[in-house]
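Visitor: Quick one: the structure is below, and I'll ask about it shortly.
The values are calculated or read from the model by the stated rules, or taken from the named source; none is laboratory data. None of these values were measured; they are calculated from a predicted model. Note that each Cβ is placed from the backbone with ideal geometry, even for glycine, and that neighbours are counted across all protein chains shown.
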Amino acid sequence: MTKINPYIVKRRLIPVSPSFPTEAEKAVKALKGAYFMGVLQISRPPKCIPLTVLTTPTLIAEPPHEWPYLVLNPSLAVGLTTSYVLFSGNVVGAGNTQLSPLGVANYMQCHFHLNVTVVAGIWDIYAQTRDPNTGNWADSQVIFGGIAAPGTFYATVGNLGVAVDFAIRWVPVAPGNMTFSITATLKEGVGGGPAGLSRAIFLGGRDVTVATGLPIFEGESMVVLPGPDIVLYAIANANIPIKVFTL
């Protein structure tokens, strides 16, 4: 006859105490729900940290982490029609807006208004497009030529010059200076933010490059859950203002 050990019976009858999830497990569970349902669950008000990603590796987050992060690369041009200030100020020599290009991938038409308040000499203003392969800039056409007097001027370009990334450059035909502003109005757009090469940022380590980094295009965001010892950097082809939220 088998003997029953009352101690063993007692141990088996004791209910197992439930284990409580850690904060990391709660965050992972919330993110899984966000992935499948399109809703990001948060347990506290998010904190926004505005940063500018440079053309050299830029620090995004370092330990100790307020984990996780949502990295947002906002759109400068949003909607079917939008306006944007390309440049405003005084110049005394040749220059361009290549460090702050305009993403025009979703648009077919671009209209320009040039306002000149002070001018000496003669000036030309060119439209430029960026080669998505080499990253080099090329002139597409002269949009304002022979500027020699103050005034407000208008010009438009169609498919010629509206590629993916857009910039302008100015050059003195005759030496002088000029105080001016120029705006661009984009039309015939399709929904979503333009995702030009120049407006993307790339995540990685302290040695990240635009060729090796994880891309976040203009108008897109990414949730990042770095490990406890991970230092996160980003780099771009131009200076890009972004927002980093701690969730």
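Visitor: Looking at Thr52 and the list (1) assigned to a loop (DSSP other than H, G, I, E, B); (2) surrounded by fewer than 17 Cβ atoms within 10 Å (Cβ to Cβ), which single condition is not satisfied?
Guide: Exception for Thr52: condition (1).
Visitor: Looking at segment 173-199 only, could you name the residues that are crowded, with 20+ Cβ neighbours inside 10 Å and at pLDDT 85 or above?
Guide: Within segment 173-199, Met178, Phe180, Ile182, Ala184 qualify.
Visitor: Could you please find all residues in segment 156-172 being at pLDDT 80 or above and either of a type in the set (Phe, Trp, Tyr) or under 26 Å from the mean Cα position of the chain (by Cα) (or both)?
Guide: Selection gives Val157, Asp165, Phe166, Ala167, Ile168, Arg169, Trp170.
Visitor: In segment 96-139, what count of residues is obtained for those that are surrounded by fewer than 16 Cβ atoms within 10 Å (Cβ to Cβ), without any contact (Cβ under 8 Å) to a residue 60 or more places away in the chain and within 30 Å of Ile235 (Cα to Cα)?
Guide: Count: 6.
Visitor: How do the pairs read when you match residues in segment 201-221 that are under 15 Å from Tyr69 (Cα atoms) with residues anywhere that are surrounded by fewer than 16 Cβ atoms within 10 Å (Cβ to Cβ) and β-branched (Val, Ile, Thr), using Cβ under 7 Å and keeping only pairs 6 or more apart or on different chains?
Guide: The qualifying pairs are Gly204/Thr212.
Visitor: Taking segment 102-133 only, how many residues are in a strand (DSSP E or B) and in contact with a helix residue (DSSP H, G or I) (Cβ under 8 Å, 6 or more places away or on another chain)?
Guide: 2
Visitor: With the condition kept exactly as written, say whether any residue in segment 88-95 is at pLDDT 95 or above, more than 23 Å from Arg199 (Cβ to Cβ) and part of a strand (DSSP E or B).
Guide: Yes - at least one qualifying residue is present in segment 88-95.
Visitor: Still on this structure, please answer the following. Looking at segment 216-231 only, could you name the residues that are among the charged types (D, E, K, R) and in contact with a Ser or Thr (Cβ under 6 Å, 6 or more places away or on another chain)?
Guide: Matches in segment 216-231: Glu218 only.
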